[in-house]
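A quick write-up on the structure given underneath.
The values are calculated or read from the model by the stated rules, or taken from the named source; none is laboratory data. Just so we're clear, the structure is a prediction, and the values are computed from it rather than from any experiment. In this analysis, Cβ positions are derived from the backbone assuming ideal geometry, glycine residues included, and neighbour counts consider all displayed protein chains. To get the accessible areas, we keep the full protein, side chains included, count just its heavy atoms, and leave off ligands, DNA and RNA. Shrake-Rupley method; radii C 1.70, N 1.55, O 1.52, S 1.80 Å.
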Amino acid sequence: MNFKSNAAVSSQQFMTKTKNKGGNKMTAKELQVRLLKFLLSNPKRAFSARQIIKVLKLTNNKDSVTHALQQLALAGSVRELSVGKFGVALDKLTRDEFIAAKETQKTVRPAGKIQRDMRRKTIEGRVDMTRSGSAYIVSDMLDTDVYVSPKYLQGALNGDTVSVLIFPERPHRKGRTPRKPEGEVLKVLKRAKDFFLGTIRMSRKHAMFIPDDENMPIDIFVPADQTGKAKDGDTVVVHVTDWQEGKGRVPKGKVTQVLGNAKGNDFEMNKILLQNGFELSHSDAALQEASRIPETIPANEIARRRDFRGILTCTIDPLDARDFDDALSIQKLENGDIEVGVHIADVTHYLRPGSSMDEEAYKRSTSVYLVDRVCPMLPEKLSNNLCSLVPNADRLAFSAVFTFDKTNKIVKRWFGKTVIHSDMRFTYEQAQSILEKKPDPEVKAHPQFDELKWGILSLNKIALELRKQKVKNGAINFDSEEVRFRLAEDGTPLEAYVKERKEAHLLIEDFMLLANKEVAFYIDQKGRAQQEIPFVYRVHDLPDMEKVADFARFAAEMGHPMKVSTPKQIAAAYNKLMEAAKENERLKLLEPLAIRTMAKAVYSTENIGHYGLAFSHYSHFTSPIRRYSDVLAHRILEQNLDGRTHRVDKNKLEEQCKHISAQEKRAADAERESVKYKQVEWMKNHVGEVFDGVISGMIDRGMFVELPESKAEGMVQFATMDDQYVLDEGNLRARGRRFGVDYRMGQKVRVRIISADLDRRQIEMKIEDE
């Protein structure tokens, strides 16, 4: 039995992707480039959005064009010369920007021309394997995927970067949708991963490794002297040392880790990491480099930094946190202003470019947080020791320092290397106890309690103002529920619950957003005053208006009409939905679906702003212990302080951004898989029991039901019910033919747990009669 997830069902219901049916409808990024080029060609005139649409024959609506013009104005390239009329800001535009706009526009071509150009074209792209062994090649060079049959894959595997020869276009019947282009892999340019989990089979002179991965259909040859301590039938990790590409040849590898006949929680969690491309341990070279780093900070290093050790400083993190990568300091200045320091672990002081640690950190690009463990980006000596901003110890930091006046407005900014000394390590619960005026006993016993109390309350007051301004600017307040588990020593779940986000969580989030935003703005403005300084931006494009329109129709059928004609209306409508969902549990089902209409935030050297946060400039600066994007941001920022200017190679940086974005997605997939495993394992302990649930999706075979406390989702098959049920057209309701009983999306039901299959990650349920 192959259950579909609620997300898959929902996407089928209202998010079928459609092709652009002619015209000149563009993405937000393409639209900004097109508008800038048009205004550059008419430098002495001003145009309204309506005029531009008419001249350029755009299919983007007036509000989208106006929004794009406003974003260009925020960036400084365009000015609003009169109400609703925009012209190019020639005094702010550099020659390089003009050239870049022209060059980018050259790549924006109608889909039809792209199709005609593909007759004998070679492209690069990423392999997306299917269960059948065929693949689709996803490429930025095309507006469609390229199909490759198994016989033309040339040993390419899921996630690999390849070059592909596209076959001549096949003729298709008039009136029918053209087929996807087809092609043949010419060469594997980059392997997505070179280590695999599976079973080893020993013979006298060699061994064969059988991967436990449906996306790795080839066995691996292991020489006898490369098997380590593995025994026949053991579960092992094998690293491919030679792919030996070519017909009839198999890859060679060596055993790097023996897991024996391991099963159970530890094995399953390791399997999730490995199958998503994350090695379980750091290389010997990286660990040796880490071991050689001295524990103490040299006096001359402290002398060259701004000293914050005498200023009230604290960290606020989860109870089980082991790496503290951010701290906040606060002090009242003589004139009454408040100075807040956002202090971030100075990872780049220890992580040198070109070192084994650095190369490995880039390859991983992120720490992975499973339910019961962390697979860290950096060796533990750095992540949990030298770089961690632990209390009562001097630590090196890279800081963003802001001065707020009496109205909580920023009047001064400073960025630079510092040394700090945290006075207190708060858990979120302890910080919240101060905000709720019921201080935790441990906090109250602290010798600096009065100072710390003033600091937390003052920081929260400023954070509230930052949050208020963000919402006013149009930020979307997505607050999706996150399930957590309390585990036994062997990893067995003892409790499942939804994480509660309170003011203490938001306080930290608001100051991290501030630092990320201001760092990006500083670099961008410095580049505008001279010449572009390539940087790692965290960007979020406008939502797909067709997906949003489909979602709005779905929401209306659920009893929640929405106005979503413009990007601004979408943000307001989604915020209203989040508020309404607090009072109406049925509407909570719409929250994850609303998120799916959004573009995916990614890393890029092209700053198009962050739609969801309503920021024109945004980066990631605040978590270098667990994100390589932040490491790159630190290096570039440091080289552009104190009157210095440094530019890295933009093309290379863009490639790094793509790699980091891909690794971020893999980590998110691994984290979701571990949660799903624990949800099924939790329900395995409750087979036969009855729970209250909510209908979260419907397909022809049955209904999905979500249990509120654990967010576990299972299926009730119609075949187990006492009637023959038929779905209505929108898949929102199932009606029984004989007795006329209705079941609706969002309806509360009582269900009995029939089975929980850990191997297939599936839960079966049955409706329990009242």
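Things to note:
- Flag for residue 527 being over 29 Å from residue 695 (Cβ atoms), buried (at least 20 other Cβ atoms within 10 Å of the Cβ) and in contact with a strand residue (DSSP E or B) (Cβ under 7 Å, 6 or more places away or on another chain): no
- When segment 725-740 is filtered for residues that are part of a loop (DSSP other than H, G, I, E, B) and surrounded by fewer than 13 Cβ atoms within 10 Å (Cβ to Cβ), the ones remaining, listed by number, are 729, 737, 738, 739, 740.
- Top-ranked residue of segment 23-41 - restricted to ones that are open to solvent by 40 Å² or more (accessible area, probe 1.4 Å) and part of a loop (DSSP other than H, G, I, E, B), ranked as modelled with the lowest pLDDT: 23
- Exactly one residue out of 605, 597 is under 28 Å from residue 33 (Cβ atoms), open to solvent by less than 10 Å² (accessible area, probe 1.4 Å) and either touching a Gly at 6+ places or on another chain (Cβ under 9 Å) or at pLDDT below 95 (or both): that is 597.
- Filtering segment 541-569 to residues that are within 23 Å of the chain's Cα centre (by Cα) and either in a loop (DSSP other than H, G, I, E, B) or without any contact (Cβ under 8 Å) to a residue 60 or more places away in the chain (or both) leaves 541, 542, 543, 544, 548.
- Of the residues screened, residue 634 is not one that is closer than 15 Å to residue 519 by Cβ, under 15 Å from the mean Cα position of the chain (by Cα), at pLDDT 95 or above and not β-branched (Val, Ile, Thr).
- Here the condition is being farther than 21 Å from residue 322 by Cβ and open to solvent by 20 Å² or more (accessible area, probe 1.4 Å); of 435, 452, it holds for 435 alone.
- Every pair of residues 6+ apart whose Cβ atoms lie under 6 Å, when the first sits in segment 444-462 and is assigned to a loop (DSSP other than H, G, I, E, B) while the second is of a type outside the set (A, V, I, L, M): 448/423
- Whichever residue in segment 655-675 is over 17 Å from residue 274 (Cα atoms) and of a type outside the set (Val, Ile, Thr) and, among such residues, is surrounded by the fewest Cβ atoms within 10 Å (Cβ to Cβ): 655
- Residues that are farther than 22 Å from residue 592 by Cβ, in contact with a Lys or Arg (Cβ under 8 Å, 6 or more places away or on another chain) and either loosely packed, with under 13 Cβ neighbours inside 10 Å or hydroxyl-bearing (Ser, Thr, Tyr) (or both) within segment 742-757 comprise just one, 742.
- Matching residues in segment 684-697 - criterion: being within 28 Å of the chain's Cα centre (by Cα) and either hydrophobic (A, V, I, L, M, F, W, C) or open to solvent by 10 Å² or more (accessible area, probe 1.4 Å) (or both): 694, 695
- Taking residues in segment 692-703 that are without any contact (Cβ under 8 Å) to a residue 40 or more places away in the chain, and partners anywhere that are open to solvent by 10 Å² or more (accessible area, probe 1.4 Å), the pairs with Cβ atoms closer than 7 Å and at least 6 places apart or on different chains are 700/727; 701/717; 701/718; 702/717; 702/718.
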